[in-house]
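The values are calculated or read from the model by the stated rules, or taken from the named source; none is laboratory data. What you are looking at is a predicted structure, and each value in this text was computed from that prediction instead of being measured. Here the Cβ positions follow ideal geometry from the backbone for every residue, glycine too, while neighbour counts run over all protein chains shown. Accessible surface is based on the protein model in full, side chains and every heavy atom, while ligands, DNA and RNA are left aside. Shrake-Rupley method; radii C 1.70, N 1.55, O 1.52, S 1.80 Å.
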Amino acid sequence: MRNTVDRNEGSISEKHLDYAGAKMGMWIFLFTEILFFGGLFLLYSVYRVKYLADFHSSASELDIVLGTANTIILLTSSMFMALSISSLRKGRKGRSILFQLITIGLGVFFLVNKYFEWSAHIHQGIYPDSPVLLDMARGRIIFFSLYYVMTGLHGLHVLIGVAIIAVMAAFTQRETVSPLDFVKLENTGLYWHFVDIVWIYLFPLFYLIT
Amino acid sequence: MFIPEASNSARYVDAAFLVIVGISVALLAGVTSVMLFLIFRYKRRRGTKAEQVEGGTALEIIWTVIPVVLVLVMFVIGERSFRLIRSAPREIMTIRVDARQWSWMFGYDNGRQSDQLRVPLGKPVKLRLSSRDVLHSFYVPAFRIKEDCVPGMETYLWFTPQQQGSFDIFCTEYCGLGHSGMLAKVVVMPEKEFDEWYAGAGAKGNRGLQLLLEKGCLGCHTTDGTLKVGPTFKGIYGRTVTVVTSGKERTITVDGDYLKRSVLDPGADIVKGFPPVMPKIPVTPEELDAIEDYLEHLR
Amino acid sequence: MSEAIVPRHGLNSRPYLLVWIGLVALTAATVTVARLNLTAFAALISIGIATVKAGLVLIFFMHLKYEPLILKVMLGIALLALSLIILLTFSDVWYRWGAHVHP
Amino acid sequence: MPAESMTTSERSYLQEGGRFKGVFSWIFTTDHKRIGILYLASIFTFFSIGVIIGLLMRLNLIEPGRFISERTYNSLFTVHGVIQIFLFIIPGIPASFGNFFLPIHLGARDVAFPRLNIFSWWLYISGGALVILSIFLPGGAPDTGWTFYAPYSIRTTSNVSLAASGIFIVGFSSILTGLNFVTTIHRLRAPGMTWFRMPLFIWSLYATAWTQILATPVLAITLLLLILERSFGIGFFEPLKGGDPIMFEHLFWMYSHPAVYIMILPAMGVVSEIFPVFSRKNIFGYKAVAFSSLGIAFFGYLVWGHHMFTSGMSDISRVIFSLITFLVAVPSGVKVFNWIATMYKGSVRVDSPLLFCLAFIFLFSIAGLTGLIIGTLSLNLYLHGTYFIVGHFHYTMFGGAGFGFFAGLHYWFPKMFGRMFNERAAKIAWLIMFIGFNILYFSMFLLGLQGMPRRYFQYLPQFRMNHILSTVGSWILAAGLLIMFGNLIRALFRGEKAPANPWGGSTLEWTLPSPPGRENFRETPVVRGGPYTFE
């Protein structure tokens, strides 16, 4: 396959916003996301060292089946996202929209699962600053706070992603996003895959390390 | 130096300071004079033209390597003296330093407590620092030592006082409203005098006053009439004050009941003009009686 | 946008399916390892597997494979930055926990 | 190029003629030049508020308690810090001069994402508005110091959450500006504009932008956690719940130390522009200056721990951070030497932009050297948390970044507004500011050596003398600022028309008329040589 990515960086684009430039912007945005979540992962690892035993015992209280299911849901959605882009570029607009809708559906499914998971814990009285939690060991307080903050922020990202993909589906329908100008969809994909990667790390950190 | 050199650490710090400031002043003078010289020497005049000099690799290397060496020297000087200042000898007297908003309490091994840090001249002392509420920092300029008091963990400092006298203690980590009033003194006494004090001659003060000290009340309230964060205790009993009770102002006369209520529920009646920042401090009924009794007779 | 600067890679759907199968397999593997309770290494293995999965997503789903070198370098810088701040923070907490922490 | 677009490009960017009229033609613009001006105006508005607060604080320290209360004083130094750091000096040069000149320096028509660019300004203004709002809402202005150290910031009842959300939003603005600049520099350079033909200002912005991208998100998450801590009690920094206050300090300085370089690097870029032009000579050691920017950005990212030498952090960590701190001084030194060497055999014209640069070098050298003093582990035990620190960072940020800003302001003023200012008045203002500055802040070094702690509402009698001296200095400095701004504002309306190239500069902005046309270049320029070529 002939590789025709524009690598002549010195050239000025008449269209002003070129394909590689737009993608570079998105990647840089993702770097900031890496550092944003990085701060939380740092806190996680620091407190895990401090409260190893508490972290282990707390992690065993999370539902490993739900966690695994959610991992697979997100991975699958990521694949459909990638497929939707390649379908669009092959000119199969309908199929691309269908894949985007499936991605949205899986994202929503993920959030619904998360909702049930959170409510189960909240039902037990475990949420930040709850009397039940404050009675527990300090390491457990920190673990569950980390759990809520990290999965919560991740969930927020999923929610935003779902909204953006919905907009993209509409754009594809109206052909604002087309086989010749699909960088918006591709950037949405980058974002979605990044959200997936964050979960790939959250999953073992909270569910598996027992 | 600007202030007394009253501990072993001060010697190390001041020696390092002189060397590093010496290098710094030399560098500053060098840079500034070369700069001024070039301006006057190459000032634009009619007919003069700039001669293009593109730079030189040799020069770049020289003025990278020399600074690297200089700063490494400074680092080593700082690191050496730092290590000396941080390594406490094994045989050492320890004193607990308890920081809270906004006062210091010093606790000795024999149970003695004091709001002034009394130490014997020439004997190494280790301070075990902790905080009850927010971050504070224990600082004695004359000793050139400082360390934060962090809630939830313990930090330490040590020093050997080398000059008799009394020196300022400051809090250098901003800790709220009364931060700038969070002062105390370190009193360096001859060993004999210290031993007498330590053994407890004069230790039996008034129980109420002792409690006010231990509980940190005197961080905000004085017994001599000066104003700190809260109203003074001097002559408080029988004083007529305006208080704000759940948003409404009313005038009352301070009596035993009011005093006790103010300790048990500080937010209930706030004296007008003072901020509502007093924390609830646990006291036993017996302690409360002792405090009330003391305040009643403080004129 | 002219046709010439649009990349042509990543059109085939087959690799995506294969990567997906790989990811699901790795998920199964990591859950199994966790159940085995290899206490000393469990955490390390889990993170290792997660990193492989993240790598697959990056390289194939996110097309990093086809991106110009400069993007890969940039990503490297971002990851380096993150690892350095974690490392430097641990130079504190690693030596601070234990001795001074109240029980 | 069609004739129609030629006429529009001849019209100055200051003249109207877009989709919107009046104020809307500014706040809805996507023109990088107008956005630069928007930032300039808003930055100086915030700066004035910050200066007034600073003067009030200095006034109080003449006789504590006479004019303001303790509670107010604590809020004043908090708000002063927040405004001057997050709303003035961090966006300062990159967002104003950067926006205005980055595309022009590269020979581009605009930045890579013009709409994102104006969106950044909106974010900045909304964040700034929240910060200002936090002063006036019930609950009271935040009283934590700009560092928001936990656990005090968790427990105080003042409007910390609101101010933190404001800074969070401003942080996003900063990130987006950085993202925009990096992409622009990579993608939109004119033909022939290779990396080593870029003006050094662009190199410094490039390094700054990376720092903004990689450091600011850490601040964002830290502030978010602080807000969550205050509203939901998550306990990460609350010792009673197992949290560690020192982790807050780590996260906070992970951003806030690199932020120092976000402030100073662009100022260094401005200075690197001015020295060649006013010496009519190519910069001495172009590559050394360019790479030292990257070096500063890189090492600057790894030295945050030197703010924590007395925090209770492990001793080993203190040693490591001290070592890296010393290393970060080297690239700054290299820059200073190269700037000075640029004058060698030059033809030096001592006009106001150069005077500000000379002041920059002097003040920044003092800042850097005192930085070495407090970077020394043992000396830090003595000087940390005292007025020595206050003096040091004012020399860095005001003496460094601030004077660099003023240098750029005088250098580019004719280009941006098409008017010349009164050179004599500029020189007088410069002299008064320079004198006032040194009286104001040098006495702080002396206070620090005497052991005067910072953030003190009142003080012991031995500190009185230097406090009075410092306050008098603040009045002199304020007078200088007034003259400077008066001179520039007067020039806006009454100044002579500026020629296209009043200083004889050789970078691309001087090939454009003053003020530049809306489209920057009528034809995309083709670059054939380095940025500083004087015949």
Long-range amide H contacts for D:R189: which residues qualify at under 5 Å (H placed 1.01 Å from N, peptide plane, sequence gap of 5 or more or a different chain)? none
Amide H contacts of B:K185 (H built 1.01 Å from N, under 5 Å, at least 5 apart or other chain): B:L117, B:I169
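Counting helices only, and only those DSSP H runs with n ≥ 4, report the 222 nm mean residue ellipticity of chain D as the sum of -39,500 (n - 2.57) divided by its residues, in deg cm²/dmol to the nearest 500.
Working: 19 runs with 347 residues, N = 535.
Taking each H run of at least 4 residues, the total per residue is -22000 deg cm²/dmol.
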Under 17 Å from the Cα of D:K415 - lysines, other chains or at least 8 residues apart: D:K33, D:K497
For B:S137, what residues show an amide H to amide H distance below 5 Å, using hydrogens built from the backbone and excluding near sequence neighbours? B:C149, B:T172, B:E173
How many angstrom separate the Cα center of the stretch D:299-333 from the Cα center of the stretch A:60-75? 42
From the backbone phi of the stretch C:64-76, what are the Karplus-calculated ³J(HN,Hα) couplings (6.51 cos²θ - 1.76 cosθ + 1.60, θ = phi - 60°) in whole Hz, Gly and Pro given as x? 4, 3, 9, 6, x, 3, 4, 5, 5, 4, 4, 4, x
Using the Karplus curve 6.51 cos²θ - 1.76 cosθ + 1.60 with θ = phi - 60°, what ³J(HN,Hα) values do you get for each residue of the stretch D:136-144, in whole Hz, with x for Gly and Pro? 9, 5, x, x, x, 4, x, 10, 10
Against the longest principal axis of chain A, how steep is helix A:183-203, in degrees 0 to 90 to the nearest 10, with axes from Cα atoms? 20
Determine ³J(HN,Hα), in whole Hz, for all residues of the stretch B:225-235 in sequence, where each value follows from phi through the Karplus function 6.51 cos²θ - 1.76 cosθ + 1.60 and θ = phi - 60°; x replaces Gly and Pro. x, 6, 9, 10, 5, x, x, 6, 7, 4, x
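Using alpha-carbon pairs under 8 Å, 6+ residues apart, how would you state the relative contact order of the stretch B:93-199 in percent? The partial results should precede the final answer.
Values: 257 pairs, mean separation 32.2, N = 107.
Computed value for the stretch B:93-199: 30 percent relative contact order.
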Between the stretch D:499-535 and the stretch B:1-39, how far is it from one alpha carbon centroid to the other, in angstrom? 45
With a sphere of radius 13 Å drawn around the Cβ of D:G36, what net charge do the other residues whose Cβ falls strictly inside it have (Lys, Arg +1; Asp, Glu -1)? 0
Dipole check, the stretch B:12-81, charges on Cβ (K,R +1; D,E -1), about Cα centroid: among B:V53, B:T64, B:I20 the Cα furthest to the positive pole belongs to B:V53
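Considering only the other residues whose Cβ falls under 14 Å of the Cβ of D:G408, what net charge follows from Lys and Arg at +1 and Asp and Glu at -1?
On the way: positive: D:K415; negative: D:E273, D:D351, D:E509.
After counting each charged neighbour, the total is -2.
Protein chains only, probe 1.4 Å: how do A:W199, D:W210 rank by accessible area, largest first? Let's see the in-between values first.
Working: A:W199 0, D:W210 30 Å².
Largest accessible area first, the list is D:W210, A:W199.
Would you calculate, for chain B, the mean residue ellipticity at 222 nm contributed by helices, counting each DSSP H stretch of 4 or more residues as -39,500 (n - 2.57) and dividing by all residues, to the nearest 500?
On the way: 6 runs with 102 residues, N = 299.
It comes out at -11500 deg cm²/dmol, rounded to the nearest 500.
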Using 1/(1 + (r/R0)^6) with R0 = 45 angstrom and r between the beta carbons of D:L294 and D:I52, what's the FRET efficiency to the nearest 0.05? 0.75
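What FRET efficiency comes out for the pair D:F196/A:D135, r = Cβ-Cβ distance, R0 = 51 Å, nearest 0.05?
Details: r = 64 Å, r/R0 = 1.25.
Efficiency, from the Cβ-Cβ distance: 0.20.
What net charge is computed for the residues neighbouring A:G155, neighbours being all others with C-beta under 14 Å from the C-beta of A:G155, Lys and Arg scored +1, Asp and Glu -1?
Working: positive: A:K114; negative: A:E117, A:D196.
Here the count lands on -1.
Probe radius 1.4 Å, ligands and nucleic acids left out: which of D:I264, B:I281 has the largest accessible area, and how do the rest follow?
Numbers: D:I264 5, B:I281 45 Å².
Heavy-atom accessible area, descending, gives B:I281, D:I264.
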Against the longest principal axis of chain B, how steep is helix B:285-296, in degrees 0 to 90 to the nearest 10, with axes from Cα atoms? 80
Considering only protein heavy atoms and a probe of 1.4 Å, how much of the accessible area of chain A is carbon and sulfur, as a whole percent? 65
Using a simple charge model, +1 on the beta-carbon of Lys and Arg, -1 on the beta-carbon of Asp and Glu, nothing else, what dipole does the stretch A:34-182 show about its Cα centre, in debye to the nearest 20? 620
Acute angle (nearest 10 degrees) that the helix B:57-86 long axis makes with the longest principal axis of chain B, alpha-carbon atoms: 30
Per-residue average of Cβ from other chains inside 10 Å of D:77-89: 0
